[in-house]
Amino acid sequence: MGHGHHHPHDHRHDHSHGTPSAEGPLPPALDVDVPDSELSPSQLSRRSMLRRAGLLGAGLAGAGVLGGTTPAAALPNGTNATNGPQGSDARGSGHGGSGNGFLWLAGDHHIHTQYSSDGKYRVIDQVRQGARHGLDWMVITDHGSATHARIGVDKVNPDIKDARAAHRDQLVFQGLEWNIPGAEHATVFVHPGRDEVEVLKRFETDYDGSLHPSPSPSVNEALAVSGLRFLAEQVRRRKVDDALMLANHPARQGIDSPHEIRDWRDATSAAHPIAVGMEGAPGHQAAGLPSPKGPGGVRGLYGNGPGANSFPGYPAESYRTWGGFDWMTATVGGLWDSLLAEGKPWWITANSDSHQVYAEPSVRGQDDDFAGHGKHADPVYGSGLDLTQNDYWPGHYSRTHVGAARFSYAAVMDGMRAGRIWVDHGGLISGLDARLKGGGRWATLGGALHVKRGTDVELSIEIALANGPNWAQFVPTLARVDVIRGQVTGPVADRDTFTAPTAKVATSFEVGKSTGTVRLTYRLGRIAEPQYVRLRGTDGKRTAVGLRGAAVDPAGPAGDVRGDADPWQDLWFYSNPIWVLPA
C-alpha cells in the first residue's frame, strides 16, 4: 500500500512496441539545469509559473523536516509499504523532491473529448490546456458505450499518440469512463504500450454496464468484479504493464453501495490492486456559479435524490457536495474513514470531468455524426462565451498531486497505487509534505510507520502556500489546517458499514497566510494501538459543524447551495492518510 512499491516491470518496458520511455528525462521546464534561454515560449511560461508559486527548486520533500527511507513495512491486510522511493534515479524538480524525495506531479484522471457523446474538444485541445494549467499527466476517459466500444477506442488512440509526441513533457494515458455494472462510473486506464487499445476494447466490450444491463444486483456486482480481475490478468500476462481503476463521483446517485466499494478494492491482489480509490471531489465544479453569469446549478452536478437502485442506508445529505467534495470524503467519520479504519488502502483524487468548458466560445463543427463516426466534428469558433457550461479545463481548478519516484508513466501509476496523493481546489496551496516520524523512521502519504508499542510519534507538516494568483486571478489564503485522526479497528462485520466512530478532528492550526512556507507539528504521543492521520485545509470562507456533530468536526465544509455555490469562494485541500502501526 505504501511507498516504493515499484513493481518489476517499472524497468522492463518494451520500447520496440512504441511504448513511451519509462525512464524519460525531466520536462525542460522542470529541469533547473536547462537555462531559460533554451526553453520554448510555452516552456518558459510554465517555468515562470512554477517560480512564482515558489516550487521550482524548492523541493519540499528534499528540504523538509525529515529525510531518509525505511525498510518495507506491512499493513494489516498484507499490503507492503516502504517510506521512500527506491532506485537511484529519483530526481529533484520544481514539484518537490531532491535525492531521496519524490517528484510531485499534478494531473487529472477524468477528461472527455469529442469521442464522448457529450464531449466537444479534440484530444490535443485538452492536453494543451492541461499543460497550460500546470499538469504533468492526464488520462483521456471517454464514455463507455456501444459506439465507443465499436470504434471510439481505436480511433482516439492515434490522437493520443500524436498528443504524446507533441507534448513530450506531458504523460498522456489512454483510458475510458467505465459504466460500472449496477453502479456509477469509474476511470479505467492502462500503461501505454502495444496492446493498450486491445485490452481497453476487450474490457469495455465484455464488462461495460451499458452493454450488459441486468436487473439483478448480484449479476451486476459479479460482472464488475470480473472486469477488475480481467484487468489484473492482463497485467499478470504482461499484455499491459499496469492498469488502475478509480471510482468517479461515487455518491452522486447513491448507487455505489459500501459493500460494492469494498468488493472492488478486494477483487484483486492486495499487493497489486486494480481498484485503488475514488474521486474525493467530483468535476463539474463550475456548475455552482450563480446565474446569470454562471449555470446556477449544483457543484459536481450533484442534484439527485434517492432512486430505485440507490443504497437505502445513505442519508439525504449524501446526494450533495460539501465544500465541493463528495459526501463520502467530506464527512469526518464517514464512509472513507470507515475504509481507512479497516486498514484498507483507498485513496481520494480531484478532477475536472471536463466535457464542455464554462465561458469558452467554441461549438461543434458542421456535419456532426457521432453515431456514424464515433466522434463529434472538430470544434469551431462560436458566436460568444457560453456561460451555461459546468466544467473547467484540466488543471484550471482541480488538481491531483502524485508523488512519483521519476517522471514516467509507471512511476505515476505506482504513486497512485501507493496513495502518495494530495488534492486541492483553486490553487489553495502549492506543495505539501506530511510525515509521521518515530523510532528513527518515517512514513509519508499512503504509507505505514511501524514502531514498537509505546514509541513517541510526531506528525510534521510542511506546506508551500499559494505564493501567486490562481486562475481566477487572486492569491488564496490558507486559513486553517485540520489533522483528522482515527483508530484502526480491523475488518467490519457488516460490509455496508459507512461510519467510523473513532475518527475526528484531533487538532486545528490557524494559519491565515497566502505566501511562503508553513511548518506545523502535531504530537500523537506514545502509540499503543494502530491508527491513522490525514489532513484537510480551507480558506475558511464557508464552514459548518460536520455531519457527525461538533465533537467530531467543529468546522467542516458546509453543504453547497443550489444556484449559489461559487467554487472560487470555497477552497479546500485534502491529503491521503498515513498509518502508524505499533507492534
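Every number here is computed from the coordinates shown, using simple stated rules; none is lab data. Nothing here was measured: the structure is a model prediction, and the numbers come from that model. In this analysis, Cβ positions are derived from the backbone assuming ideal geometry, glycine residues included, and neighbour counts consider all displayed protein chains.
Summary of values
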{"item": "Within-13-Å neighbourhood charge of L385 [Cβ basis; K, R +1; D, E -1]", "result": "-1"}
{"item": "Amide H within-cut-off set for T400, under 5 Å, with H built and near neighbours excluded", "result": "G107, A350"}
{"item": "Positive-end residue of S145, G438, A316, charge dipole of the chain with Cβ unit charges", "result": "G438"}
{"item": "Nitroxide proxy distance, nm - points 7 Å out along Cα→Cβ at A472 and N309", "result": "3.5 nm"}
{"item": "Vicinal HN-Hα couplings computed from phi for region 557-567 (Karplus, 6.51 cos²θ - 1.76 cosθ + 1.60; Hz; Gly/Pro x)", "result": "x, 8, x, 6, 8, 4, x, 8, 9, 4, x"}
{"item": "Whichever lysines have a C-alpha closer than 29 Å to that of K155, once near sequence neighbours (fewer than 8 apart) are set aside", "result": "K120, K201, K239, K375"}
{"item": "Region 185-329: antiparallel DSSP beta bridges as a percent of all, rounded to 5", "result": "65 percent"}
{"item": "Separation in nanometres of the label points that stand 7 Å from Cα toward Cβ, at D386 and A550", "result": "4.7 nm"}
{"item": "Lysines whose Cα lies under 26 Å from that of K344, excluding same-chain neighbours fewer than 8 positions away", "result": "K437, K452, K504"}
{"item": "Dipole magnitude of the chain, debye to nearest 20 (Cβ charges: Lys/Arg +1, Asp/Glu -1, about Cα centre)", "result": "1500 debye"}
{"item": "Extension gain, T521 back to T205 (0.36 nm per residue minus Cα-Cα distance, nm)", "result": "108.7 nm"}
{"item": "Dipole moment magnitude, nearest 20 debye, region 345-500 about Cα centre, only Lys, Arg, Asp, Glu C-beta charged", "result": "1080 debye"}
{"item": "Contour excess over end-to-end distance, with Cα ends at D118 and K513 and 0.36 nm allotted per residue", "result": "138.1 nm"}
{"item": "At R0 = 35 Å, FRET efficiency that the Cβ-Cβ distance of R194 and V32 yields, to 0.05", "result": "0.50"}
{"item": "Under-5 Å amide H pairs with Q531, H placed in peptide plane, nonlocal only", "result": "V488, V580"}
{"item": "Potential lengthening between L44 and D162 on full extension [0.36 nm per residue; Cα-Cα distance subtracted]", "result": "40.2 nm"}
{"item": "Point-to-point label distance, E458-K293, nm (Cα→Cβ direction, 7 Å offset)", "result": "4.7 nm"}
{"item": "J(HN,Hα) series, region 338-350, from Karplus relation 6.51 cos²θ - 1.76 cosθ + 1.60, nearest Hz, glycine and proline x", "result": "5, 6, 5, 5, 7, x, 8, x, 8, 9, 10, 9, 9"}
{"item": "Computed helical MRE - 222 nm, the chain, DSSP H runs ≥ 4 contributing -39500 (n - 2.57), nearest 500", "result": "-5000 deg cm²/dmol"}
{"item": "For mean projected area of the Cα convex hull in nm², calculated from these coordinates, the label among (i) 27.7; (ii) 25.1; (iii) 23.7", "result": "(iii)"}
{"item": "D494-S218 FRET efficiency (beta carbon distance; Förster radius 25 Å; 0.05 resolution)", "result": "0.90"}
{"item": "Order by protection proxy (mean Cβ within 10 Å, highest first), peptides 393-405, 299-311", "result": "393-405, 299-311"}
